[in-house]
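Quick notes on the structure that follows.
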Amino acid sequence: MIQQDASPREQLAVQLAEAAGEALRQDLSRQDRVLLVLSGGSTPVPFFQALAGQELPWSRVDVTLADERWVAETDEASNARLVRRHLLKGPAAKANFISLITRDPTPEQGVEAVTRRIVALPWPASLVVLGMGGDGHTASLFPDSRELELGLTTDAPVLAARTPSQPQARITLSADRLHQAQRHALHITGDDKRSILAHALAGDDSRELPIRAFLSCPLAVYWAP
Ligand SMILES: O=C1O[C@H](COP(=O)(O)O)[C@@H](O)[C@H](O)[C@H]1O
């Protein structure tokens, strides 16, 4: 429920959590297990907190990430750490979380094992929640990455990605795999991201702005100032 004094971003997070909860409940009425794919970064924290409060049979929910930095889960940059801290609490701790990280030193070495974990999940996902960076990247499909072309075109579910603009190596679901969902949402905040989204909507080159690869999923946009 939205509190009277909640900020626009908190209200947005609650609306998205309610929509996600509803989507999962709908699919759980027809199937045994459901899959939820989440993004990391700084935007989703209030969403994760609101989602943790949704009434769901969490033990039947598989949760994974659209992408991850190749760092230990104890690292502040870890998306898994974010999910564990803010979503997998109380009843939601019963959800089955599938990390995109292995003990291998590089994502190129870990990608095979991660792929095995990912393909074993109950696809299509009920919902993929994407984020978007200031450069139009989504998941770890970055405009300046050598692996962008591969990420946008391969039918492999998972790939390693390196990007000059980012300090850590990454692992990411491919666009093809991220498309395999019943529903897609984009969660963004701030005027800068609204302008980037407007720019993305005005063109069609996903190599310039990778978020374009998802604009016609269809994509439900959750934006607040
Ligand atoms: O690097 C990443 O950034 C995007 C956007 O993050 P934000 O901090 O601007 O909200 C995120 O969607 C992605 O999962 C993450 O790895």
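Annotations
- Bridges between two residues of the chain, per DSSP, are antiparallel at a rate of about 30%.
- Seen through its C-alpha gyration tensor, with square-root eigenvalues sorted a ≥ b ≥ c, segment 165-225 comes out rounded because a/c lies under 1.5.
- The chain: calculated mean residue ellipticity at 222 nm from DSSP helix runs of at least 4, using -39500 (n - 2.57): -9500 deg cm²/dmol
- Three-way shape label, segment 83-195, alpha-carbon gyration tensor, a/c 1.5: rounded
- Think of segment 54-122 as having a plus end and a minus end, set by charges on the Cβ of Lys, Arg, Asp and Glu; of 98, 74, 88, 88 sits farthest toward the positive end of this dipole.
- Using Cβ point charges alone (K and R +1, D and E -1), the dipole size of segment 37-170 about the Cα centre works out to roughly 520 debye.
- Within a Gaussian network of the chain (alpha carbon springs, distance under 10 Å), most fluctuating of 210, 107, 124: 124
- Highest-fluctuation residue, 19, 202, 72 considered, GNM on the chain with Cα pairs under 10 Å: 202
- Positive end of the dipole of the chain (Cβ unit charges, origin at the Cα centre): among 166, 127, 213, the Cα lying farthest that way belongs to 127.
- Binned Cα-Cα distance frequencies in segment 1-54 - 5 Å width, integer %: 4, 20, 26, 23, 14, 8, 4, 1
- Charge dipole of segment 16-106 (Cα centre as origin; +1 on each Lys and Arg Cβ, -1 on each Asp and Glu Cβ, all else neutral): 240 debye, rounded to the nearest 20.
- DSSP finds beta bridges in segment 121-225, and of those with both partners inside it, around 35 percent are antiparallel.
- Rolling a 1.4 angstrom probe over the protein heavy atoms with all chains in place gives segment 63-180 an accessible area of 42 Å² per residue.
- Dipole magnitude (debye, nearest 20) for the chain, charges at Cβ of Lys, Arg, Asp, Glu: 580
- Electrostatic tally near residue 163: other residues with Cβ closer than 12 Å to its Cβ, Lys and Arg +1, Asp and Glu -1, net 0.
- Convex hull volume of the chain per residue (C-alpha atoms, cubic angstrom): 115
- Based on Cα contacts under 8 Å between residues 6+ apart, segment 76-225 shows a relative contact order of 23 percent.
The values are calculated or read from the model by the stated rules, or taken from the named source; none is laboratory data. The structure presented is a predicted model; accordingly, all values stated were derived computationally and were not measured. FYI the Cβ positions are ideal-geometry reconstructions off the backbone, even for glycines, and counts take in every protein chain you see. Side chains are part of the model used for accessible areas, which takes the heavy atoms of the whole protein and leaves out ligands, DNA and RNA. Shrake-Rupley method; radii C 1.70, N 1.55, O 1.52, S 1.80 Å.
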